[in-house]
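The values are calculated or read from the model by the stated rules, or taken from the named source; none is laboratory data. All values derive from a computational prediction rather than experimental measurement. Don't worry about glycine lacking a Cβ; one is built from the backbone with ideal geometry, like all the others, and counts go over all protein chains shown. The protein model used for the area step is the full one, side chains on, heavy atoms only, and it has no ligands, DNA or RNA in it. Shrake-Rupley method; radii C 1.70, N 1.55, O 1.52, S 1.80 Å.
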Amino acid sequence: MQIHVLTVLEWDARQRDLAGFMAQISNNDVVIVRNYLGDADVDAFKNFCLAFRASEATSWHPCLEGCPDYHRIHNNYPGAYVPAIQHSFFFHPWNRSFVAVSKFGAFDRLFDLKMNLSGENLGDVLANTPSQGVIARIVSHRYPRGGGGQAEHIDPVSPFAKIQTLIQASSPGIDYNEGGLYLIHPTTGRVAIDGYTRKGDLILMSPGVRHGVAPIDPDQTLDWTGTDGRWIIMPIIIHSDHVSDAGIRPRAMDRL
Ligand SMILES: [Fe+2]
């Protein structure tokens with residue numbers, strides 16, 4: 001398990017040797033691409049989420065045909081696959097907000113990479129709707145100061161989720177001081193990742209390595225209305241809820 005920090009140019013070159021890159025991911029290495037997104041784009045993305053949060057009530061919707069964009073608060077609710085304290089935003093290609101947030105990042109390149117790695121030909125996954133079984137989604141989480149986090153878990157490895165692509169959307173040491181993403185090394189234990197990252201960095205890792213988000217500034221008061229804390233942006237490809245299979249859900253290793 002090593003941590004490789006690349007420039008965007010180095011990352012472009014790395015993608016010409018996907019077998020070598022995937023060998024690193026299989027070894028549970030972490031690849032960090034410095035400044036994958038510029039600060040202005042990250043801030044614009046977050047401001048979009050904050051405006052969405054202010055204008056729409058929290059809600060939840062199964063990923064079925066016509067699923068709207070929505071945001072919800074997870075506060076260790078009973079029955080969660082992975083207990084978490086986070087405010088989550090979900091954007092889908094068939095909705096207007098997805099088009100708006102897509103402007104702020106090179107997400108299409110990450111969707112293309114995931115589809116390339118899948119070895120499956122699903123056509124243009126961005127054109128899919130839930131009844132087709134596999135869809136693209138842009139997710140953002142805000143882990144608030146005052147204990148935001150996520151229990152340790154592994155994510156399902158599916159053909160189109162062979163890598164995790166997380167964009168660090170906050171500044172460690174400014175937006176929060178304590179906590180954040182960690183991985184479990186099989187022999188040496190917990191490896192904290194956020195200290196290697198800056199706002200706009202892309203983090204690439206295996207979904208199969210145990211990981212979690214350690215509580216963010218747990219000594220502070222939990223504030224769901226703030227703008228600071230730890231934010232991430234994740235372009236993902238998932239099975240819609242037209243597909244039911246417990247094997248494709250994340251698996252929690254312990255509780256928060
Ligand atoms: Fe995860």
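Please give the peptides 189-202, 55-68, 229-242 ranked by average Cβ packing (other Cβ atoms within 10 Å per residue), highest first, as a rough proxy for protection.
Ranked by mean Cβ neighbours within 10 Å, highest first: 229-242, 189-202, 55-68.
Under 8 Å for C-alpha pairs, at least 6 residues apart: give me the relative contact order for the chain, rounded to a whole percent.
For the chain, the relative contact order is 26 percent.
Helix-only estimate, please: 222 nm mean residue ellipticity of the chain, summing -39500 (n - 2.57) across DSSP H runs of length 4 or more and dividing by its residues, to the nearest 500.
Only helices count here, giving -6000 deg cm²/dmol.
Working from the pairwise distances between different alpha carbons, so that the mean of 1/r is found and then inverted, what is the range 147-197's Kirkwood radius in Å?
This gives a value of 12.9 Å.
What's the FRET efficiency of Ala192 with Ser131 using the Cβ-Cβ distance as r and R₀ = 45 Å, to the nearest 0.05?
Step by step, r from the Cβ atoms, then E = 0.65.
Just to be sure I understand the curve: with the Debye formula and one point per C-alpha of the range 71-201, what is log10 I(q)/I(0) at q = 0.18, 0.22 Å⁻¹?
Evaluating at q = 0.18, 0.22 Å⁻¹ gives log10 I(q)/I(0) of -1.28, -1.53.
Heavy atoms only, probe 1.4 Å: what % of the accessible area of the chain goes to carbon and sulfur, would you let me know?
51
Cα convex hull of the range 12-103: mean projected area in nm², to one decimal?
In nm², the orientation-averaged hull projection of the range 12-103 is 8.8.
Could you give the semi-axes, largest first, of the ellipsoid that matches the chain, computed as the square roots of 5 times the alpha carbon gyration tensor eigenvalues and rounded to whole Å?
The three semi-axes for the chain are 24, 23, 19 Å.
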